[in-house]
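The values are calculated or read from the model by the stated rules, or taken from the named source; none is laboratory data. It should be emphasised that the depicted structure is a prediction, and the values quoted were computed from it without experimental measurement. Here the Cβ is made from the backbone with ideal geometry for all residues, glycine too, and neighbour counts use every protein chain on show. Note: accessible area is taken over every heavy atom of the protein model, side chains too, but ligands, DNA and RNA are not part of it. Shrake-Rupley method; radii C 1.70, N 1.55, O 1.52, S 1.80 Å.
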Amino acid sequence: MPTRAEKTITVVAEHTRAAMGQRAGAHAARVLRDALRGGGRASVMLAAAPSQSATLAALAAAEGIDWGRVDLFHMDEYVGLAPESPQGFAIWLDENFVRHVPDAVFHRIDPDEDSEAEAARYQTLLGTAPFAVVLLGLGVNGHLAFNDPPADFADPKGVRVVRLDEVSRRQQVDEGHFAALDDVPTTAVTVTIPRLLNASTVIASVPGLAKRAAVAQTLNEPIGPMHPGTALRTHPDATLYIDAEADPR
């Protein structure tokens, strides 16, 4: 019987972030066109982060996609931010992707009133059918969505409320999203690793020097909860797109 570690993740390295995004976005467009060819709908799971900007721009510009038959979901959202806060991940996706594909249906996580109830609602909304494609990145601690280490690779829930570790919160400050660590929320709603990987195709876009260690760990460490990115190596169709700065080889 094959083991989880025997699956091979494809790595595509480009010299620049822009070139990486073009390759990853073109890949996602091909997957989505194929998924829509049968005449039904297709679902896409999105990450909201600067690492995704080039990929999402390329996907939005791709031709031949009937966005009116596409449902967009996002994989995490802070708890406790004001609805209009620019740090909100749904707002970031609205500005950087959704407005460029206005025919698509965007299903937002909205944890303002009751985060546990919202996690349950969003889990129901996601359903159990595989996503056509998941577009994600890696945190500096290797997290997928907000599944910080130690991450649960067999989580029975599809969506849950989590406490964020300090490394994840510090990353938000280092990337300029918040002025100080105390400004970063301590909890979030996140899609879990099993639900993220319930997808026909997974495309990870991971540029930048700050992510080089996470890329190395994802590719080389034993598959397990202390390095959440290693879960990508359990998926039969996962591709990791990196630029020269993120390339540890």
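Some observations on this one:
- Taking F73, F178, F89 as the candidate residues, the one with maximal mean-square fluctuation in a Gaussian network model of the chain, Cα springs under 10 Å, is F178.
- Accessible area per residue in Å² at 1.4 Å probe, computed on region 141-190: 44
- Listed residues E14, E118, E166, most fluctuating in the chain (Gaussian network, C-alpha, under 10 Å): E166
- Viscosity 0.890 mPa s, 25 °C: Kirkwood-radius Stokes-Einstein D of region 1-140 over Cα pairs, µm²/s: 150
- Karplus 3J(HN,Hα) series, Hz, for region 184-193 with 6.51 cos²θ - 1.76 cosθ + 1.60 (x for Gly, Pro): 7, x, 9, 9, 8, 9, 9, 6, 7, 4
- Helix-only arithmetic for the chain: the sum of -39500 (n - 2.57) across DSSP H runs with n ≥ 4, divided by the residue total, places the mean residue ellipticity at 222 nm at -8500 deg cm²/dmol.
- Rounded to 5, percent antiparallel among DSSP beta bridges of region 90-212: 55
- Relative contact order %, the chain, counting alpha carbon pairs below 8 Å whose residues are six or more apart: 27
- Considering only the chain, percent of DSSP beta bridges that pair antiparallel, nearest 5: 30
- Surface accessible to a 1.4 Å probe, L125 within the full protein complex, Å²: 70
- In the chain, the portion of solvent-accessible area held by carbon and sulfur atoms comes to 51 percent [1.4 Å probe, whole percent, DNA, RNA and ligands not counted].
- DSSP beta bridges in region 1-112 [antiparallel fraction, %, rounded to 5]: 0
- Residues whose amide H falls under 5 Å from that of M226, counting only those 5 or more places apart or on a different chain, are A151, with hydrogens built in the peptide plane.
- Amide hydrogen proximity for V159: with H placed 1.01 Å from N in the peptide plane, the residues at 5 or more positions away or on another chain lying under 5 Å are T192.
- Close amide H contacts of F97 (hydrogens built in the peptide plane, cut-off under 5 Å, sequence separation of 5 or more or a different chain): none are found.
- Relative contact order (%) - region 1-107, alpha-carbon pairs under 8 angstrom, separation at least six: 27
- Highest-MSF residue in the chain out of A54, A154, A145 [GNM, Cα springs under 10 Å]: A154
- Extent along the principal axes, Cα only, for region 65-137: 35, 28, 23 Å, with the longest axis given first.
- Integer Hz, Karplus 6.51/-1.76/1.60 couplings in order for region 81-87, x for Gly and Pro: 7, 5, x, 8, 4, x, 7
- When Rg and the Kirkwood radius Rh are both evaluated on Cα atoms of the chain, their ratio Rg/Rh stands at 0.93.
- Distance between the modelled labels on A117 and D182, one decimal in nanometres: 3.2 nm (7 Å Cα→Cβ projection).
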